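Novice: Pasting in a structure now, in structure tokens, and then I'll have a few things to ask.
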Amino acid sequence: MGMIVYVYRAGRGGDSTNGGISSQVDALTVVNVDGPFDPDVDRPAVLLKEGPYNTARLVPAEKVGANYDEVPGWYMYGGNAASTSDSRWSRAIEEMFGAKFDFVKIFDRIEA
């Protein structure tokens, strides 16, 4: 179970994610942040992970056994971000990273 965040797309010039999940849906489920929602087709699972220089990033998750703990492939930033007005979101970010920010970059672009 996790928290729902909403996708904010960069620009109007097309898809910079190269077909990443943030180009296909309007919401994501962050499964490693406490919340009452299960991921589904309209809100796929993502993980809140540490990026370079102690920054937060969201990456697609795959279910491995009973845990969401492996990140498949090599993902890079595709231009989109995610956030929600739920106060648990900013609290989770502050607890995990020691910083206060609401919008998190989505790393869902893969080069083939």
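Novice: Taking residue 29 as the residue in question, decide whether it is modelled with pLDDT of 85 or more, within 10 Å of the chain's Cα centre (by Cα) and more than 22 Å from residue 111 (Cα to Cα). So that I can check it myself, show each step before the final result.
Specialist: On the way: modelled with pLDDT of 85 or more: yes; within 10 Å of the chain's Cα centre (by Cα): yes; more than 22 Å from residue 111 (Cα to Cα): yes.
Yes: the conditions hold for residue 29.
Novice: Considering segment 1-60 alone, what residues qualify as being closer than 17 Å to residue 101 by Cβ and part of a helix (DSSP H, G or I)?
Specialist: 52, 53, 54, listed by residue number.
Novice: Which number in (1) touching a strand residue (DSSP E or B) at 6+ places or on another chain (Cβ under 8 Å); (2) surrounded by 12 or more Cβ atoms within 10 Å (Cβ to Cβ); (3) at pLDDT 90 or above marks the one condition that residue 94 misses?
Specialist: The number of the failed condition is (1).
Novice: Which of (1) in a helix (DSSP H, G or I); (2) modelled with pLDDT of 90 or more; (3) of a type outside the set (D, E, K, R) is the odd one out, the single condition residue 106 does not satisfy?
Specialist: It fails just one condition, (1).
Novice: Cβ-Cβ below 8 Å, separation at least six or inter-chain, first residue in segment 73-99 and without any contact (Cβ under 8 Å) to a residue 24 or more places away in the chain, second surrounded by fewer than 19 Cβ atoms within 10 Å (Cβ to Cβ) and of a type in the set (Lys, Arg): which pairs?
Specialist: Correct list of pairs: 90/100; 94/100.
Novice: Does segment 58-91 hold any residues that are at pLDDT 85 or above and on the phi > 0 side of the Ramachandran plot, and which are they?
Specialist: If the condition is that a residue be at pLDDT 85 or above and on the phi > 0 side of the Ramachandran plot, then 79 is the only one that fits.
Novice: Please specify each residue of segment 20-60 satisfying the condition of being touching a residue at least 24 places away in the same chain (Cβ under 8 Å) and farther than 22 Å from residue 92 by Cα.
Specialist: If the condition is that a residue be touching a residue at least 24 places away in the same chain (Cβ under 8 Å) and farther than 22 Å from residue 92 by Cα, then 20, 21, 23 are the ones that fit.
The values are calculated or read from the model by the stated rules, or taken from the named source; none is laboratory data. Keep in mind it's a predicted model, so treat the numbers as computed, not measured. Glycine gets a Cβ as well: all are built from the backbone with ideal geometry, and neighbour counts include every protein chain shown.
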